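Scroll down for the structure; my scribbles are underneath it.
The values are calculated or read from the model by the stated rules, or taken from the named source; none is laboratory data. Predicted, not measured: the structure shown is a model, and the values here were computed from it. Counting neighbours? That spans all protein chains shown, and the Cβs are built from the backbone with ideal geometry, glycine included. The accessibility values were calculated without ligands, DNA or RNA, using every heavy atom of the protein model including side chains. Shrake-Rupley method; radii C 1.70, N 1.55, O 1.52, S 1.80 Å.
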Amino acid sequence: MSYPTLAPFIQQRPWLMRWMRPLARWYFDNSGYRKLGLRADDLIPEESESVQLALKRLPPKEAYDRVFRMRRAFQCSLAHQLLPQTEWTKADEDISYLEPIIKEIEAERTEREDLESMIIKKRTSASTKGGH
Amino acid sequence: MLSRSAFRQATRQSWLQQRRGMAAPAIGSFQYQVGEAAGIKIASRDTSGPIGTIALVAQAGTRYETMPGLAEGLNKYAFKNTDRRTSLRIQRESELLGGSLISTHTRENLVTGAKFFRDDLPYFVELLAEVASQTSYRPHVMQEEVIPLVMMDHKKFLANTLDMALSSVHSLAFHRGLGNTIKPASSTPYTKYLTAESLEEYAQSAYAKSSFAIVGNGVDHAELSKWTNEFFGDARKSPLQQLTSPQSKYYGGEERISHGSGNSMVIAFSGSSSPTGASYKPEAAVLAALLGGQSAIKWSPGFSLLSKATQEAPNMHVATKSNIYTDAGLVTIAMDGSATDIRNTAGKVVEALKSVAQNISKEDFQKAKALAKFKELEYGQEPRAALELTGAGLVRDNKPYQIDDVAKSIDGVTEDKVKKLVKEALENKASVSAVGDLYLLPFAEELGLKV
């Protein structure tokens, strides 16, 4: 995972999910990045190999939009201002566009490590009559 | 995520799926047994030995590609990520089984196959089925793995004058279709046409049941048919877009390309189609052996006319080849070496060719026939032999390429037939291509050829 999260744990339990959803919404709205026009995935730290590779794999349009959002947020931050309310990121726009790619890259890495540390056993005697 | 135990189990399962003893003793025949399984044409021959080869031969080489570079791209994309396995896992599993994966393309066909221990047939049939119907074409795999390979092929092509000349001669002789370059001759394929989407569309046409055949060497026919039925059930039934190419027509002409490193010159004329096609002329193989250029025995230039003609330039490479395709063929005489050598000997090469139209010595003719037959049968003995020709013949003409028959038809060639072939070639336009130092390399006109 790119950052620690309890989300999968909660998502597996619908009753807990019902409890947590208003809280989560309140938390996200208050964390402030949406008021700068960013998405949650824009906040993932870039300084790791898998995220760097994931950024390279973004479709051109996504990559362009990401840079645009960041520059806009940076300008807002410099000017000590928030975006006008109409331009805030809405909850349904705040989709995770980078995380699936990061997960895929990490799955590739884990698979490689698994294969590298695999213990190979010789074929059982039943198959040795194949002659090789 | 993949746990270690899950992987071990999966590998074990595929190993244990089927176990059988060694093959029956040698049958001594190269005949292919033909059949159909899961709506796919299959052919196999159970040659003896512990190693088996299977190949999926799709009629999707450069001749049929809808945009430049697709055949090359699909070739390089073989055995990459599928919906079920990653490319790394495919590699590691095949390595564990001691198999080797093959993926090549020619002007007409795309060959994806594997060599393996006989016992592992089910695993590799399943793998080929996955490559054909479940490969996932992803933009990042294109960017990170496939396109760099295509770029490398492009660079290699531009560095090799002989390849350039052969490619140029094909495009002179056949224009479109068979004339498409086999390796990317410019950067347009990967800058303009080759994307994950276009490749996926092409794959859906290339890997449809009607456009490929499965050919096996050293595998049991019943086994192959059984496992094909099992694994190829969900392959696409009809192609997304029928890949077709009009009947090839011979044009001819001359092309000269200047090149800084290396000099090559190729003279070509219309030859024979493959035995499954309509215009099959076994005399083309005999003519190629008669003109030759390369010696089959040591410490001697050999009997061939061209090696005699080019004796003064021993460092020059001369080779005659009868390139056969499903509906046409091209006999090429390729010269590669220093520009002065080519300049001095190209005229003699053409004279040797003209002399064949007049008179062939009995002894040379016998030797040429023997050599042509030997080459054909030797080719048939290799494990990968005739896989491609058989597959292509099956898909297009519903006939396998039977090496025994080919060898027999070479026996029936007479001197007159060879003379006639050369006469026709000299009367028609030749295809001549020179790549290298154009100041020294001769024009076709100067050699006395009609272009």
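Just one residue in the set B:129, B:213, B:196, B:222 is of a type in the set (A, V, I, L, M) and touching a strand residue (DSSP E or B) at 6+ places or on another chain (Cβ under 7 Å); that residue is B:213. Among the numbered conditions (1) surrounded by fewer than 23 Cβ atoms within 10 Å (Cβ to Cβ); (2) closer than 23 Å to residue B:270 by Cβ; (3) of a type in the set (Lys, Arg), the only one that residue B:369 does not meet is (1). Residue count for region B:387-408 satisfying the condition of being surrounded by 23 or more Cβ atoms within 10 Å (Cβ to Cβ) and in contact with an Asp or Glu (Cβ under 8 Å, 6 or more places away or on another chain): 3.
Considering only region B:211-229, how many residues are in contact (Cβ under 8 Å) with a residue 40 or more places away in the chain and surrounded by fewer than 18 Cβ atoms within 10 Å (Cβ to Cβ)? Before the answer, list the steps.
Initial filter on region B:211-229 (in contact (Cβ under 8 Å) with a residue 40 or more places away in the chain): B:211-221, B:223-229.
Still in the list and also surrounded by fewer than 18 Cβ atoms within 10 Å (Cβ to Cβ): B:226, B:229.
Matching residues across region B:211-229 total 2.
Of everything listed in (1) within 15 Å of residue B:387 (Cβ to Cβ); (2) of a type outside the set (Asp, Glu); (3) within 14 Å of another protein chain (Cβ to nearest Cβ); (4) buried (at least 20 other Cβ atoms within 10 Å of the Cβ), the single unmet condition for residue B:81 is (1).
Of all residues in region A:1-42, those that are in contact (Cβ under 8 Å) with a residue 24 or more places away in the chain and not in a helix (DSSP H, G or I) total 6. Checking each residue in region B:395-425 for being part of a loop (DSSP other than H, G, I, E, B) and within 19 Å of the chain's Cα centre (by Cα) picks out B:398, B:399, B:400, B:401, B:402. Can you say whether residue B:364 is open to solvent by 10 Å² or more (accessible area, probe 1.4 Å) and under 21 Å from the mean Cα position of the chain (by Cα), as far as the supplied structure shows? No; evaluated as a whole, the condition is false for this residue.
With respect to the stated conditions, residue A:45 fails to be part of a helix (DSSP H, G or I) and either touching a strand residue (DSSP E or B) at 6+ places or on another chain (Cβ under 6 Å) or open to solvent by less than 90 Å² (accessible area, probe 1.4 Å) (or both). Applying the set (1) open to solvent by less than 50 Å² (accessible area, probe 1.4 Å); (2) touching a helix residue (DSSP H, G or I) at 6+ places or on another chain (Cβ under 7 Å) to residue B:130 leaves exactly one unmet item: (2). Of A:62, A:87, A:93, all but one fail to be among the acidic types (Asp, Glu), within 26 Å of residue A:27 (Cβ to Cβ) and open to solvent by less than 70 Å² (accessible area, probe 1.4 Å); the exception is A:62.
Of the numbered criteria (1) under 25 Å from residue B:161 (Cβ atoms); (2) open to solvent by 70 Å² or more (accessible area, probe 1.4 Å); (3) modelled with pLDDT under 90, the one residue B:344 fails is (3).
Considering region B:409-437 alone, what residues qualify as being open to solvent by 50 Å² or more (accessible area, probe 1.4 Å) and under 19 Å from residue B:168 (Cα atoms)? Talk me through it step by step, then tell me what you get.
Residues of region B:409-437 that are open to solvent by 50 Å² or more (accessible area, probe 1.4 Å), as a first pass: B:411, B:414, B:416-417, B:420, B:423-424, B:427-429, B:437.
Within region B:409-437, B:428, B:429, B:437 qualify.
Against the criterion of being outside any helix (DSSP H, G or I), in contact with a His (Cβ under 9 Å, 6 or more places away or on another chain) and open to solvent by less than 40 Å² (accessible area, probe 1.4 Å), residue B:184 qualifies. Condition check for residue B:388 on (1) assigned to a helix (DSSP H, G or I); (2) out of contact with any strand residue (DSSP E or B) (no Cβ under 8 Å at 6 or more places or on another chain); (3) among the charged types (D, E, K, R): one failure, at (2).
If a residue has to be part of a strand (DSSP E or B), hydroxyl-bearing (Ser, Thr, Tyr) and open to solvent by less than 10 Å² (accessible area, probe 1.4 Å) to count, how many in region B:92-127 make the cut?
Counting residues in region B:92-127 that are part of a strand (DSSP E or B), hydroxyl-bearing (Ser, Thr, Tyr) and open to solvent by less than 10 Å² (accessible area, probe 1.4 Å) gives 1.
Residue count for region B:153-181 satisfying the condition of being open to solvent by 10 Å² or more (accessible area, probe 1.4 Å), among the β-branched types (Val, Ile, Thr) and under 19 Å from residue B:429 (Cα atoms): 0. Name the residues in region B:366-385 that are modelled with pLDDT under 80 and part of a helix (DSSP H, G or I), would you? Selection gives B:379, B:380, B:381. Within region B:233-277, the set of residues being crowded, with 24+ Cβ neighbours inside 10 Å and either touching a Lys or Arg at 6+ places or on another chain (Cβ under 6 Å) or part of a helix (DSSP H, G or I) (or both) comprises just one member, B:272. Kindly evaluate residue A:113 against the criterion of being touching a residue at least 24 places away in the same chain (Cβ under 8 Å), assigned to a helix (DSSP H, G or I) and within 14 Å of chain B (Cβ to nearest Cβ). No, not satisfied. Considering region B:33-68, and only residues there that are of a type in the set (A, V, I, L, M) and closer than 20 Å to residue B:405 by Cα, the residue that is surrounded by the fewest Cβ atoms within 10 Å (Cβ to Cβ) turns out to be B:34. For region A:73-84, the criterion of being within 20 Å of the chain's Cα centre (by Cα), farther than 23 Å from residue B:138 by Cβ and open to solvent by 90 Å² or more (accessible area, probe 1.4 Å) is met by none of the residues.
Residue pairs whose Cβ atoms lie under 6 Å apart, separated by 6 or more positions or on different chains, with the first residue in region B:78-91 and at positive phi and the second aliphatic (A, V, I, L, M) and open to solvent by 20 Å² or more (accessible area, probe 1.4 Å), are B:79/B:101.
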